[in-house]
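I have placed the structure first, in the form of structure tokens, so that the comments after it can refer back to it.
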Amino acid sequence: MFIEQPPAILRWIYPKALWRMDKNDKSVYLTFDDGPIPEITPWVLDLLDKYHIKATFFLVGDNIRKHPEEFKMIVERGHRLGNHTFNHLRGFEFNSKEYLGNIEKANEFLKTDLFRPPHGHMRGIQYYALRNKYRIVMWDLVTRDYSKRLNGKQVFEKVKHYVRNGSIITFHDSLKSEKNMKYALPRSIEWLLEQGYSFKVFD
């Protein structure tokens, strides 16, 4: 549970970040990290179109540079964009000037007010600098679709077990998540709809 649904003490570290939306609203916020990737992002977009769902994509700038057509697809289909740095940097491993510069390099493509830190961590000075410009979006439920220790069915079970009103749900449109996500994502969408959840994006 510490990973799938971060506890209060972890949420306290970044108090101005968005971890969960309105707990009184039976809705969820579907998000995807690490794209765009030609082998998987178009599949995700087609699935979302099938169910008339809009999602938020936290994109890596260098992937946008390498795969502009897939980026264009996300934009043209009306999804929300978020910044996930240019090189998928871990905040703890870089000085703040370099880290913040990498984010701004990505935002030359994205021009968004949303940011999600790769691996979910930032140095304190990075966090305070970023929150003045971006809405920092974390998560209420990370599916762990990237884990080699889990299969698609287990990822789907985590969605069913941990989701709640206002959950920000994180999947990954990346090659390492492909197998698990292709199993879990369509089943999760159908199950969430059956449970009466609506899908929203950030204002």
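Read-outs: derived from the displayed coordinates by stated rules, not from any lab. The structure presented is a predicted model; accordingly, all values stated were derived computationally and were not measured. Cβ: placed from backbone, ideal geometry, glycine included. Neighbour counts: every protein chain shown.
Which one of these does ALA8 not meet: (1) aliphatic (A, V, I, L, M); (2) closer than 26 Å to ILE125 by Cα; (3) touching a strand residue (DSSP E or B) at 6+ places or on another chain (Cβ under 6 Å)? Status for ALA8: all satisfied but (3). Would you point out the residue of the stretch 48-64, among those that are out of contact with any Leu (no Cβ under 9 Å at 6 or more places or on another chain) and crowded, with 16+ Cβ neighbours inside 10 Å, that is nearest to ILE103 (Cα to Cα)? Top of the filtered list is VAL60.
Exactly one residue out of PHE71, PHE58, PHE32 is under 20 Å from ALA129 (Cα atoms) and in contact with a strand residue (DSSP E or B) (Cβ under 9 Å, 6 or more places away or on another chain): that is PHE58. The set of residues in the stretch 171-185 being surrounded by 15 or more Cβ atoms within 10 Å (Cβ to Cβ) and either farther than 15 Å from ARG144 by Cβ or in contact (Cβ under 8 Å) with a residue 40 or more places away in the chain (or both) consists of PHE171, HIS172, ASP173, SER174, SER177, GLU178, MET181, LYS182, ALA184, LEU185. Restricting attention to the stretch 7-47, the residues being of a type outside the set (Phe, Trp, Tyr) and crowded, with 21+ Cβ neighbours inside 10 Å number 13. When residues of the stretch 65-120 are filtered for being out of contact with any Leu (no Cβ under 9 Å at 6 or more places or on another chain) and in contact (Cβ under 8 Å) with a residue 60 or more places away in the chain, how many remain? Here the count works out to 1. Between LYS176, LYS200, the distinction of being among the basic types (Lys, Arg) and more than 19 Å from ILE37 (Cα to Cα) belongs to LYS200 only. Looking across the stretch 124-170 at every residue that is under 13 Å from the mean Cα position of the chain (by Cα) and either more than 21 Å from ASP203 (Cβ to Cβ) or free of Cβ contacts under 8 Å to residues at least 12 places away in the same chain (or both), the one that is surrounded by the most Cβ atoms within 10 Å (Cβ to Cβ) is identified as ASP145. So, SER188, is that one small (Gly, Ala, Ser), on the phi < 0 side of the Ramachandran plot and within 14 Å of the chain's Cα centre (by Cα) or not? Spelling it out, it is not the case that SER188 is small (Gly, Ala, Ser), on the phi < 0 side of the Ramachandran plot and within 14 Å of the chain's Cα centre (by Cα). Among the residues of the stretch 74-93, those identified as touching a strand residue (DSSP E or B) at 6+ places or on another chain (Cβ under 6 Å) and buried (at least 23 other Cβ atoms within 10 Å of the Cβ) are ILE74, GLY82, ASN83, HIS84.
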